[in-house]
């Protein structure tokens, strides 16, 4: 069976490199594998054969219309990108009014408020960002858009210091160029303080505003 080029291109778009394959039945009379065997899609060639790196070490290909199998979405892994985070604190004066000028907290003190920042960031997320986070606003149709399934801002204490973190769910491995593009995009999103206006939204903790 010969597949048209348009159909081959459609298959490659629907089932990218890294997709997981679950075998239902292989019709090859000379080579056979047990139903349920799992593997990872390497590529789809010009005649429509699915070339798979099976978990058992086999490299047998699959043919649409002959073999029976299920294609699952590629597995993702978590990529964390860290960036320095600073915190300004507005105190109450002796008359109970908020001071005009802030004090920047030192790393140790700021780290103690990490949970408050994370909670505030969760409240900041919009319904449109539920599935993809900041990648919802990524406007390029390229490999970064395809590989980075979601990106969300959070905060984390590491080595006693408070950090802003971009948590990215990624399929496959990013090339150096793709990683650079992703970092540039996230840097732009973080340049005004984690998205649109988060920097201007106070976090009230007791008599303090952070």
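Read the figures in this text as sums done on the coordinates, not as results from a lab. Since the structure is predicted, the reported quantities are computational estimates derived from the model, not experimental observations. Quick reminder, even Gly has a Cβ in these numbers, built from the backbone with ideal geometry, and neighbours come from all protein chains shown.
Computing Rg and the Kirkwood Rh from the Cα coordinates of the range 1-42 gives a ratio, Rg/Rh, of 1.05. Potential lengthening of the chain between residue 157 and residue 109 amounts to 16.2 nm, from the contour at 0.36 nm per residue minus the alpha-carbon distance.
Values (i) 9, 34, 31, 17, 7, 2, 1, 0; (ii) 7, 25, 23, 17, 13, 8, 4, 1, 0; (iii) 7, 22, 18, 15, 13, 10, 7, 4, 2, 1, 1, 0, 0, 0 are given for comparison; P(r) over Cα pairs in 10 Å bins from 0, in percent, derived from the coordinates here, is the one labelled (ii).
On C-alpha positions alone, give me the angle between the axis of helix 176-190 and the longest principal axis of the chain, in degrees, nearest 10. Approximately 30 degrees, to the nearest 10. Please arrange 58, 191 by counting, for each residue, the other beta carbons lying within 10 Å of its beta carbon, fewest first. Going from sparsest to densest Cβ surroundings: 191, 58. With respect to the chain, whose longest principal axis is taken over its alpha-carbon atoms, helix 114-124 is tilted by about 70°.
For the chain, relative contact order (Cα pairs under 8 Å, six or more residues apart, normalised by length) works out to 18 percent.
Reducing the range 156-210 and the range 1-34 to their Cα centroids gives an inter-centroid distance of 39 Å.
Relative to the longest principal axis of the chain, what angle (0 to 90°, nearest 10) does the C-alpha long axis of helix 5-14 take? Tilt relative to the chain: about 40 degrees. Counting DSSP beta bridges in the range 5-72, what percent are antiparallel, to the nearest 5? If I count the DSSP bridges inside the range 5-72, around 95 percent turn out antiparallel. Note: relative contact order over the range 1-76, using C-alpha pairs below 8 Å and six or more positions apart, is 34 percent. Legend: calculated FRET efficiency, residue 30 to residue 124, from the Cβ-Cβ distance at R0 = 41 Å, rounded to 0.05, equals 0.10. Extending 7 Å from the Cα toward the beta-carbon at both residue 202 and residue 91 defines two label points whose distance is 1.6 nm. Beta bridges from DSSP with both residues in the chain: antiparallel share about 95 percent, rounded to the nearest 5. Dividing the mean sequence gap of close Cα pairs (under 8 Å, 6+ apart) by how many residues the range 99-199 holds gives a relative contact order of 24 percent.
Counting each DSSP H run of 4 or more residues in the chain as -39500 (n - 2.57), what helix-only mean residue ellipticity at 222 nm follows after dividing by all residues, to the nearest 500 deg cm²/dmol?
Rounded to the nearest 500, the figure is -6000 deg cm²/dmol.
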